[in-house]
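Below: the structure, in structure tokens.
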Amino acid sequence: MLPSFEKNNMYHIFISAATIILLSAASCKKSSTTSSGNNSSNAAVPEVYKKIYGATSISTDGNFITIKVDGVPDHKSIYYPVGNALYENFSGTTFKGTAFSKNPNSIASQYYTFKIPANPTEASTKQATPLGPIGVSINGVPFFNQYAGPNQPLTGEIMSFDQGWGHPAPGNIYHYHVEPLYLTNVKVGKSGLLGFLLDGFPVYGPVENGNPVTNANLDAYHGHKHVTTEYPGGIYHYHITDADPYINGNGFFGTPGTVSR
Ligand SMILES: [Zn+2]
Ligand SMILES: [Zn+2]
């Protein structure tokens, strides 16, 4: 018969072992919930989305990333009201050497909520991009598609692109149809991650491995798949090129999420 203090010790050892097993089981369960992307109010926002430095908030339920932005550029523009710290006059030529001609709109906050898939996959049926926001750039300004109106080319709009190659639509809705020049010249370089389309796939700049990306390097949706700095396992991604359709081609490669204003 063991002395009573030894029996107590055995009891404590048993309890401690049981506690460790229970704690291990709990932590396994927690990590598997997080990595499987199930609905979980405390799922962590993946690092890559923190590159959207213009966001006022970014959150996730594990299935969708919710990105809130005010939609205004962090660079100088002739479209800011005179007196705004970011107002700067602009003249001469803009995108593709086009003579600049200011449109009558200006820049105002829009407060968008973008909700994009956290784990984007190819859609079996591709959807055309709508007019209006089709994605969000890292400074919070929306991307628009290659049309000025239903199936109308951008030709008549390019002249009104400002020093950042963006412009405001009626309603003072600022946006980019082409390369966001401040982001590629100042913030992340010509090969950097520039944002995401509504289907959750990332958008990269017009240069890759030191060479300009052309439309011939891309598929009908204006993307292709390979390893990138942010996605070492490889991912489908769009590239912005200097020729029409610029950002997206025949529609979303994946299934688009939503945007509300
Ligand atoms: Zn436009
Ligand atoms: Zn690429």
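Since every read-out is calculated from the coordinates, none of them should be taken as a lab result. None of these values were measured; they are calculated from a predicted model. Every residue, glycine as well, gets a Cβ built from its backbone with ideal geometry; the counts of neighbours run over all protein chains shown.
Would you mind checking Lys51/Lys76; Lys50/Lys96; Lys50/Lys190; Lys50/Lys126; Lys51/Lys225; Lys96/Lys190 for any pair whose Cα atoms are more than 23 angstrom apart? Over 23 Å apart, Cα to Cα: Lys50/Lys96; Lys50/Lys126.
Annotation: peptides 253-259, 97-103, ranked by per-residue average of other Cβ atoms within 10 Å with the highest first, follow the order 253-259, 97-103.
Placing pseudo-labels 7 Å out from each Cα toward the beta carbon at Lys96 and His226 gives an inter-label distance of 2.7 nm. For segment 92-140 and segment 152-169, what is the separation of their Cα centres, given in Å? Cα centroid to Cα centroid, the span is 12 Å.
Among DSSP beta bridges lying fully in segment 47-260, give the percent that are antiparallel, nearest 5.
Details: 36 of 40 bridges.
Antiparallel: roughly 90 percent of the beta bridges in segment 47-260.
Quick check on segment 175-218: take the gyration tensor over C-alpha atoms, sort the square-rooted eigenvalues as a ≥ b ≥ c, and tell me if it's rounded (a/c under 1.5), prolate or oblate. Could the numbers behind the result be given before it?
Numbers: a/c = 1.60, a/b = 1.07, b/c = 1.49.
Judged from the Cα gyration tensor, segment 175-218 comes out oblate (a/c at least 1.5, b/c at or above a/b).
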